[in-house]
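Shown next, in structure tokens, is the structure this report addresses.
The values are calculated or read from the model by the stated rules, or taken from the named source; none is laboratory data. Because the structure is a prediction, the values reported are computed rather than measured. All Cβ positions, glycine included, derive from the backbone under ideal geometry; neighbour counts span all protein chains shown. We work out accessible area using only protein heavy atoms, side chains counted, and drop any ligands, DNA or RNA first. Shrake-Rupley method; radii C 1.70, N 1.55, O 1.52, S 1.80 Å.
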Amino acid sequence: MKTTFKIITMFMTLLVLGCSSGSDEDETEIDLYGNWFGVYDGDDSGTFGVYIYPDGKVTGSATSTNLQGTFSINGNTATSGKITAVIETTGNGRSFTGQFTSDSGSGTWKSDQEGTSGTWHTTKKE
């Protein structure tokens with residue numbers, strides 16, 4: 001009986017440790033640090049360049065065909081490569097969301113105030 005109890009206890013311990021060792025949704029870190037250049041299109045089009053700092057902060061600028069100007073970009077990335085950034089236009093912000101890999105990125109953009117949207121893609125420049 002004691003042997004059976006020990007086997008059951010060991011099995012239960014392994015089962016608990018196996019289930020609590022992490023989730024399937026663990027995120028892999030991606031090194032995004034550096035310069036990125038890309039284009040966006042849809043209801044408006046243009047080019048953009050951003051610099052991603054080691055802490056995930058994103059700064060840069062974008063040009064707009066429709067608005068005929070250059071505007072600031074500010075945002076943040078996660079170590080998993082997810083990005084949220086905003087192009088700051090006069091009274092209207094365009095939000096960019098998407099996903100980066102180690103050397104490229106893509107996603108969507110939209111402006112609720114303007115009712116515009118589209119897609120974007122970028123590559124990392126060494």
Of the criteria (1) modelled with pLDDT under 85; (2) open to solvent by 40 Å² or more (accessible area, probe 1.4 Å), which one HIS121 fails: (1)
Cβ pairs under 7 Å, 6+ apart or interchain, first in the range 93-114 and open to solvent by 20 Å² or more (accessible area, probe 1.4 Å), second of a type in the set (Asp, Glu) and outside any strand (DSSP E or B), ordered by first then second residue, are SER102/ASP31
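Quick one: which of THR84, THR65, THR77, THR90 is out of contact with any Gly (no Cβ under 6 Å at 6 or more places or on another chain) and either modelled with pLDDT of 90 or more or not small (Gly, Ala, Ser) (or both)?
Of the residues listed, the single one that is out of contact with any Gly (no Cβ under 6 Å at 6 or more places or on another chain) and either modelled with pLDDT of 90 or more or not small (Gly, Ala, Ser) (or both) is THR90.
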Do we have LYS57 as charged (D, E, K, R) and at pLDDT 85 or above here? yes
